[in-house]
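Everything on this sheet refers to the single structure shown next.
Computed from the coordinates by the stated procedures, all read-outs in this text should not be read as laboratory data. None of these values were measured; they are calculated from a predicted model. Ideal geometry is used to build each Cβ from the backbone, glycine not excepted, and the neighbour counts take in all protein chains shown.
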Amino acid sequence: MFFVSTLLTYLIGPYNWLYRLIVWGCLLVLNVYRSNDKNAIIMELFMKGQKAIVTGASQGIGRAITKALALEGVEVLAVARNQELLDHLKADIKTAGGEPPITLVSELTDAGSAALIATTALTEMGQVDILVNNAGRSQPLDAVGPDEKWQESFTLEFERPRQLTQALLPHFMERKQGVVLNVISTFELKSINASAVAKTALTAWSKQLSAQVGPFNVRVNCLQPGLIDTENTRRIFTPQQRKEFAGANIALGDFGEVEDMANTAVFLVSPRARYVTGAVWNVDGGLRHYPF
């Protein structure tokens, strides 16, 4: 581009207006070409060779995040309850040309699961750069709900992410490098859901933690979905109900896709987001059902 600019300056001389017009035209053509080239690399995320853990990795949002990281060259320890689904994920990533993940079957409600995941990750991969706490399970309850259901939700969606994060924090702080991303939930529900309450606690803890570990170059953020097209939402909304609800409540007019969550997640855990911590990022199409 410098050579072209110099040549045009020599040829055109005092006709600066014509020079500017030609340069602007060249830049416009170049940008249109790049925007239409689906294979063009628009942004390098500098993630190749990094190591990550993703919980709840076999389905939905967790699956999409795992695949997106793998396609960026990240080696992922994919954690879930179902080995068959993890095997399908691994095959899908390999076919797509991504870094095949290491898989681990673990039930996060089991005592000791956080320690198992952390130990496996450090043993198999040697280091961990990224932790994505994604596992969760909706738990709608009546106004007077059984204590065991409340405890189950808080164990899965607050205690285990906290314990897994704490198990890795010494590693992150020693290396002066680490990113934690907690996938939370929509809070403004019309009825009680223990999962959403537990995720609210996770959000508050994440903000507090980010201030304490920031001096060690460890970042902690939360990613909050709106209504995303998954098996869970399909059980609640028929196609017609989805269309009607989205038209009335969502600015962009439809539910999101799991890839929308994955794209934002990958950016937030990448070096490109090096100055983002203690934040809650909403991916909701303008639904705006959030308190933080």
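What's the magnitude of the charge dipole for region 51-283 around its Cα centre, counting Lys and Arg as +1 and Asp and Glu as -1 at the beta-carbon? Answer in Debye, nearest 20.
Details: 22 positive and 25 negative charges, 108 e Å.
Here the size comes out at about 520 debye.
Among MET43, MET125, sorting on how many other beta-carbon atoms sit within 10 Å of each Cβ, with the fewest leading, yields MET43, MET125. Counted by neighbouring Cβ atoms within 10 Å, the residues PHE245, PHE255 run from fewest to most as PHE245, PHE255. In a DSSP loop and with at most 13 other Cβ atoms within 10 Å, there are no trypsin sites (Lys or Arg not before Pro) in region 50-87. Considering only PRO225, LEU268, LEU252, the residue lying farthest towards the positive end of the dipole of region 154-292 is LEU268, judged by Cα position with unit charges set on Cβ.
Counting charges near TRP205 (Lys, Arg +1; Asp, Glu -1) among other residues having Cβ under 13 Å from its Cβ returns a value of +2.
Taking the number of Cβ atoms within 10 Å of each Cβ as an exposure proxy, the fewest-first ranking of SER106, SER113, SER153 is SER106, SER113, SER153. Checking the cross-link pairs LYS94/LYS199; LYS149/LYS190; LYS176/LYS199; LYS67/LYS149 against a 23 Å limit on the alpha carbon distance flags LYS94/LYS199; LYS176/LYS199; LYS67/LYS149 as lying beyond it.
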